[in-house]
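The values are calculated or read from the model by the stated rules, or taken from the named source; none is laboratory data. Here the structure is a predicted model, which is why all the values come from computation and not from measurement. Cβ placement follows ideal geometry from the backbone for every residue including glycine, while neighbour counts extend to all protein chains displayed.
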């Protein structure tokens, strides 16, 4: 009798254990069904684009052949354009092709990989960028394009728009990107879209304090840039990769920004064109500053644009990079969208950043108020004018033809 009771007790424990196991399996099945329901690729996906990491079930299942943790290469994809804003102070330019880090581009790809939006490698994703801004330069309208993971199956032509069922790319990426980079919008684009070569025009903005600059003379000189010219004397020449230095400027305006500080006035230059050469904007601004200081006349622009008369660029320092902004890039039928949730988060983020930097500026202003301001010294201006070497009298850089000839000699010596 005692043996029978012991056998019944053991059987009861086994049934209880089986019931517990069934409950565990049902719970696991519900969890997996929830994951599968959020995937539209027709296969099993272990993770969603909004998650930082996929669920780690390696301890609960065997490692099946061909399965790779985090792999989304079997998912649907589409070619999209992203509108990017960034503050360039801490970055070594936009492009990640150099050795220095961090760059804006490297941070964007880190975020794309972490969000599991990259279906292919960077090379296979048909990645393109509109511009390569330099170290320290900011942007409010940079544009990149590439293939990213999509919730929509069988996207044909790349321009199907279904905002409600598509991944909220802006919201997903802005959760991961550093505070000085934000995605402003996304847009489906056709398969022949290229962020650089499809761009119809670019707009730059350069901020500066007026001080004693003669804005009228600067505007007179800036107007000479409008039209199609050879800008080889207003850029950093890259003879190995660039042979055509003709570019078209469609607008160049200088105006006040309705903001003052310590009796000075903030101004801006708006420069629009189809495309720009390496350092072209900063070189043009630098020459305009010399004109504004009375060190050069507006006619210097005519001389530097005349490559027959001035085939070699005079040596001069570029304008600082910090006040330069890539403001916008123009495309045909590219309407960037941003969900209401993502837009609210963007506005709040920028308000917080603005208030943060305004507080810092107020601290500097408080420090300035503790110091006596010296009287203006006109002798310093006169001394600066006496020490100035006219641009056309300065040492020059090699001409394009001389650079090409030197390159050919170097190539011949190597053989």
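Restricting 125, 95 to residues that are closer than 20 Å to residue 197 by Cα, free of Cβ contacts under 8 Å to residues at least 24 places away in the same chain and in contact with a strand residue (DSSP E or B) (Cβ under 8 Å, 6 or more places away or on another chain) narrows the list to 125.
Hey, any hits in the stretch 376-387 for a residue that's surrounded by 11 or more Cβ atoms within 10 Å (Cβ to Cβ), touching a residue at least 60 places away in the same chain (Cβ under 8 Å) and either in contact with a strand residue (DSSP E or B) (Cβ under 9 Å, 6 or more places away or on another chain) or within 30 Å of residue 184 (Cβ to Cβ) (or both)? No, the conditions are met nowhere in the stretch 376-387. Would you pick out the residues in the stretch 220-253 that are in contact with a strand residue (DSSP E or B) (Cβ under 8 Å, 6 or more places away or on another chain) and assigned to a loop (DSSP other than H, G, I, E, B)? Answer for the stretch 220-253, where residues must be in contact with a strand residue (DSSP E or B) (Cβ under 8 Å, 6 or more places away or on another chain) and assigned to a loop (DSSP other than H, G, I, E, B): 226, 231, 245. Here residue 284 passes the criteria (1) surrounded by 17 or more Cβ atoms within 10 Å (Cβ to Cβ); (2) under 30 Å from residue 402 (Cα atoms); (3) modelled with pLDDT under 95 except the one numbered (3).
Selection of the stretch 359-380 for residues being part of a helix (DSSP H, G or I) and closer than 15 Å to residue 262 by Cα yields 361, 362, 363, 364, 365, 366, 367, 368, 369. The residues of the stretch 210-219 that are surrounded by fewer than 16 Cβ atoms within 10 Å (Cβ to Cβ), at pLDDT 95 or above and not in a helix (DSSP H, G or I) amount to a single one, 214.
Residue-by-condition table, conditions (1) more than 30 Å from residue 398 (Cβ to Cβ); (2) modelled with pLDDT under 90; (3) outside the structural domain of residue 143 (by TED's automatic domain parsing):
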| residue | (1), (2), (3) |
| --- | --- |
| 303 | no, no, yes |
| 308 | no, no, yes |
| 314 | no, no, yes |
| 326 | no, no, yes |
| 341 | yes, no, yes |
| 356 | yes, no, yes |
| 369 | yes, yes, yes |
| 374 | yes, yes, yes |
| 384 | no, yes, yes |
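Note on the stretch 107-157: residues that are surrounded by fewer than 16 Cβ atoms within 10 Å (Cβ to Cβ) and on the phi > 0 side of the Ramachandran plot total 3. If we scan the stretch 342-354, do we find a residue that is within 30 Å of residue 301 (Cβ to Cβ), touching a residue at least 40 places away in the same chain (Cβ under 8 Å) and touching a strand residue (DSSP E or B) at 6+ places or on another chain (Cβ under 7 Å)? No: zero hits. Here is a check on your reading of the model: is residue 262 closer than 27 Å to residue 358 by Cα, surrounded by fewer than 15 Cβ atoms within 10 Å (Cβ to Cβ) and touching a residue at least 24 places away in the same chain (Cβ under 8 Å)? The answer is yes for residue 262. When residue 341 is tested against (1) over 29 Å from residue 134 (Cβ atoms); (2) surrounded by 12 or more Cβ atoms within 10 Å (Cβ to Cβ), just one condition goes unmet, and that condition is (2).
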